[in-house]
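Written out below as structure tokens is the structure these notes cover.
The values are calculated or read from the model by the stated rules, or taken from the named source; none is laboratory data. Keep in mind that what you see is a predicted model, and the values were worked out from it rather than measured. Using ideal geometry, Cβ is built from the backbone for each residue, glycine included, and neighbour counts are taken over all protein chains shown. Note: accessible area is taken over every heavy atom of the protein model, side chains too, but ligands, DNA and RNA are not part of it. Shrake-Rupley method; radii C 1.70, N 1.55, O 1.52, S 1.80 Å.
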Amino acid sequence: MTLKIGSGATAPPFMVMDVIAAANDRQAALPPGAPHIIRMEVGQPGTGAPAGAVAAAQAALRSGHPLGYTEALGLRSLRQRIAAHAASWYGLDLPIERIAVTFGASGAFPLAFLAAFDVGDRIALTAPFYPPYVNILTALGMSPVILPAGPETRFQPSLAMLQQLHPPPDGLIVASPANPAGTMLHPDELAAIARWCHHNGIRLISDEIYHGLNYDSPIASAAQYSDSAMVVNSFSKYFSMTGWRIGWMVLPLDLARPVERLAQNLFISAPYISQIAAEAAFDCHDELQANVARYRRSRDHLLAALPAAGFTRLSPAEGAFYLFADIADRSNDSAGFCARMLAEAGVAASPGLDFDHARGNRFVRFSYCGLESDIRAAAERLGTWR
């Protein structure tokens, strides 16, 4: 008898995870003393959680507190700190009823999609995109509407692009700063898109997990311009807490209780210990800003060095910690190109196919959130590799 397998089981891999495995295998096979593999394939800060967050977690573990379930929307004290953060960074006055602590941003996206959309709904987003957007939507029976974007719009959606959609979509996903291009929607652009979505009954989901990692352009939150937008944020990137699996959402009031009900059933709650550490992370400003300064230096070095290494067409890299390189003049097979780069230069990077199914064969994403010394060494290796 053949047993049924659900359609969600056909979700494609998140290819960067396969690159991680290949880089791990390559590192394990190196002889003692050989130059190590330089990891530029994954968006994981080379620094760990800030010292204050670690100290708070250690104190909680020693306290004898059971560290059990919290409310599904998270500890009230953490939600209050998130509200204070929104007031400080964006001038927002948010009641904690609009704030949900989540199991990372990755846990927030299914909550957002399930609360806002139905099977068959059409959700627009630009390519290149963060792969799980499309993979989660598809697994949930929703239909991604892919809008190709290029350097002319900094790989971001434009209002003109959205106005040409007929019929209009049920939802729109934006990300600023964006993965993989590191580009941003500037405040006036985000405001126009958010207001257009609200006016036309289109649910906007704004991925803001790289806020704080902006170098030349100011950040803005969709929540500043629309009360109907859903905002996703995380402690993984700016706060350097990837493995703690902790994030948050700013919700419109009509979706706060639906998200809470879904969270109760899907996740129960985010880990207590991670919530304690996250709350303390808000007091680690100096350490976190030192991390941002390191990323900026690495970005600036790559922008100067990579063109001389043959990567002449790079995304503007306004924020996050990624460069999206057009390699069409060198290869039309980004997966093969990255495999060769790993084998011959010892540098791991992500093929663009993960981020753009139609054009990604000619793009490579470099992540520069690792150690500064590694980033400089990678640029040197790539300068002698062809």
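For this structure, a couple of remarks:
- Here the chain has 55 percent of its accessible surface on carbon and sulfur atoms, given a 1.4 Å probe and all protein chains in place.
- Annotation: per residue accessible area for the chain equals 41 Å², rounded to a whole number [probe 1.4 Å, protein chains only].
- Each listed q (0.08, 0.12 Å⁻¹) maps to a log10 I(q)/I(0) for the chain from the Debye sum over equal C-alpha point scatterers, namely -0.41, -0.95.
- GNM result for the chain, Cα springs below 10 Å: residue of Phe267, Phe235, Phe324 fluctuating most strongly: Phe267
- At an R0 of 25 angstrom, the distance between the Cβ atoms of Glu97 and Asn200 translates into a FRET efficiency of 0.45.
- Glu344 contributes an accessible area of around 110 Å² to the protein surface, as traced by a 1.4 Å probe with all chains present.
- Length added when fully stretched, Met161-Ala55, from 0.36 nm per residue minus Cα-Cα: 33.4 nm
- Set of segment 347-363 residues, backbone N closer than 20 Å to the point 7 Å along the Cα-Cβ line of Ala29: 347-351
- Taking a sphere under 15 Å around the Cβ of Thr47 and counting the other residues whose Cβ falls inside, with K and R at +1 and D and E at -1, yields a net charge of +1.
- Sorted largest first by accessible area at a 1.4 angstrom probe radius, with every protein chain in place, the residues Arg257, Arg154 fall in the order Arg257, Arg154.
- Heavy-atom accessible area for Met161, with the other protein chains in place and a 1.4 Å probe, reaches approximately 40 Å².
- Span per principal axis, largest first, for the Cα atoms of segment 272-329 (Å): 50, 22, 15
- Highest-first arrangement of 60-69, 215-224, 126-135, where packing means the average Cβ count within 10 Å: 126-135, 215-224, 60-69
- Point-to-point label distance, Ala84-Gln264, nm (Cα→Cβ direction, 7 Å offset): 2.9
- FRET E, pair Ala308, Met1, Förster distance 56 Å, beta-carbon r, rounded to 0.05: 0.35
- Here the calculated FRET efficiency for Asp300 and Asp333, from their Cβ-Cβ distance with R0 = 25 Å, stands at 0.25, rounded to the nearest 0.05.
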